[in-house]
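Q: Just passing along the structure, written as structure tokens.
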Amino acid sequence: MTMSGLGNRTAILTLSRLASYGLQLISPIFLVRLLTVADFGRYREFLLYAAILQAFAQFSLNDSLLYCVPANPHSPWRLARQTALLTLCSSVLVVLVLVALDSSSGGRLVNGYVVPLAAYTLFSVNLDFWEYFWLANGRAQPVFFYSAGRLAVRVLVVVITASVTHDFHAVIWALVALEGARFVAAGIAMLVVDRSRREPPLREPWRDQLRFCIPSGTASLLAMLNRNISNVIVARSLGAVALAQYAIGRFGEPVVATVRNSVSAVILPEMVRDARSQAAQVGTGPLVLWQKATVVNAIMLFPIVVLVARYAQPLVVMVFGSSYLGAALIMQIYMLVVIRECFDFAPALRAVNRTRPLVESNVAGLLACTVAMLLLIPVAGLEGAMIAFVIASYVDVTWLGWRTLQAYGVRLRELLPWWSIARTALAAAVASVLIANSVWTEVFGRAGIVVAGLAYLAAFALLLQVMRIPEAMVLQAWGKRLVFRRTSQARS
């Protein structure tokens, strides 16, 4: 597939994933004004525990479709049914373990959220394979409509419930009810559109999927714990108010994850096909496609780092209010993590079925984060927690980079497109000269942040073209074709 085709699918998927993360992106802007800081922190605590339980229950079962469907193109619905059955079994097991552990702790394990957490987990993870199923079959557009519709309803339910009740318990139960309705609708849809009976049986119905899921699911679970261990420790050691501040400091995390994971999800099926058809070596096969995706990640994420580092304080106050001013420094430190997120080695390893390094790296990151937090939180509080998270993220990426070198048998200078990445970083740094001065906000007030941001992005894009970075040229050509196509359709 051409970079242009990948660009179309990546753009659609990015919007779709932003939609699915919309509850984390949009609802906090309203909830910080409808709930107290403490209640907002308790609401985030519920979402934190729910996310961890979902990771246990899903265990990369949905992700496995991105690998298994291209490998078994004639039986996609059989794989979908198999995924649904495995998810049901895993989610029931997770809920039973949760109830048992919470009972043995006297209800202190999840601070009294066990009933809504159990219901939310069962409803939210079951029959929720659609996005990955469509992507594995090369259909990105249905993902957008599904995610956008889900976003609209979830945000409306959360905001309306909070505005009427000002009670975080009511918001939580509204989310549970909504996921229950989605589960019922998904079950009806599955009965209507399932075509598994018309498809040939899978040659090895369980082996390939479980071979993918066990190491990949373990890695994804550890990655989830790696990302959230700092949240858990903050909630447990510093309380709900501190968690609220910390959550706002990491407010941009869904955007970063969306950009990176969208590129990865689109290229992984293509990399699997390439890996099956030719040897994995630099210059050919899956690695070269992954290298291009890495540069695209840098082009998309480096500007975010610069803009947030420059305008974190006024942005936090403007969007969330002065009560959350302390989150600005947390957000600035988090930008170091965003730089690390440009280098997603997981697709390169998964394409050649090397998933064990994903487990190893997350274990290393999890241990590093836990130790660093225990040392830094007593000294530096919330800032120490974020610094610990940064340290863990770089331990993780260093390990993955080393294991990718081994998997592909290449040298460090051949692993990454260093020249393109360096020029992208240089363009981001040079363009920042435009926003270094405070004249934008002095002249235009708060609107000056938007004006300065647009000026910076324009300068960054121009520098990318001047430096003739290949991936930037492709993105520009794709953007022009997309605009031309939309204009032609509107005229017709």
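Q: What does the highest-first list of 218-226, 69-77 look like by mean Cβ count within 10 Å?
A: 218-226, 69-77
Q: On to the next question. Would you calculate the separation in nanometres between label points at Arg33 and Arg411, each defined as 7 Å from the Cα along the Cα-to-beta-carbon direction?
A: 5.8 nm
Q: Sticking with this structure for a sec: Only Cα pairs under 8 Å and at least 6 apart count here; give the relative contact order of the stretch 301-389 as a rounded whole percent.
A: Averaging sequence separation for qualifying contacts and normalising by length gives 25 percent for the stretch 301-389.
Q: As a test of the formula, what do you get for the chain when each DSSP H run with n ≥ 4 contributes -39,500 (n - 2.57) and the sum is divided by the residue count, at 222 nm and rounded to the nearest 500 deg cm²/dmol?
A: Mean residue ellipticity, 222 nm, calculated: -27500 deg cm²/dmol.
Q: Could you state how much accessible area Val296 has, in square angstrom rounded to the nearest 10, with a 1.4 Å probe and all protein chains kept in place?
A: Rounded to the nearest 10, the figure is 10 Å².
Q: Taking volume of the Cα convex hull per residue in Å³ as the quantity of interest, determine which of [x] 219; [y] 144; [z] 165 was computed from the displayed structure.
A: The calculated read-out lines up with [z].
Q: When only C-alpha pairs under 8 Å and at least 6 residues apart count, what is the relative contact order of the stretch 152-261, in percent?
A: 12 percent
Q: Here is a follow-up. Mind listing the phi-derived Karplus ³J(HN,Hα) values for the stretch 100-110, rounded to whole Hz, using 6.51, -1.76 and 1.60 with θ = phi - 60°, and x for any glycine or proline?
A: Calculated HN-Hα couplings, in order: 5, 5, 5, 5, 5, 8, x, x, 8, 4, 10 Hz.
Q: Here is a follow-up. Which whole-number percent gives the relative contact order of the chain, counting Cα pairs below 8 Å spaced six or more residues apart?
A: Here the relative contact order equals 19 percent.
Q: Still on this model: What stretch of the chain, leaving out the sites themselves, is the longest with no trypsin sites (Lys or Arg not before Pro) in a DSSP loop having at most 10 other Cβ atoms within 10 Å?
A: 204-410
Q: Add +1 for every Lys or Arg and -1 for every Asp or Glu among the other residues with Cβ under 15 Å from the Cβ of Val450, and state the total.
A: Counting the neighbours of Val450, the net charge comes to +1.
Q: Among 25-31, 56-62, how do they line up from the highest to the lowest mean number of other beta-carbon atoms within 10 Å?
A: Going by the mean number of other Cβ atoms within 10 Å, highest first, we get 56-62, 25-31.
The values are calculated or read from the model by the stated rules, or taken from the named source; none is laboratory data. Just so it is clear, the model here is predicted, and its values are computed rather than measured. Positions of Cβ are generated from backbone atoms using ideal geometry, with glycine treated the same way; all protein chains shown enter the neighbour counts. What goes into the accessible areas is simple: the full protein's heavy atoms, side chains included, and nothing from ligands, DNA or RNA. Shrake-Rupley method; radii C 1.70, N 1.55, O 1.52, S 1.80 Å.
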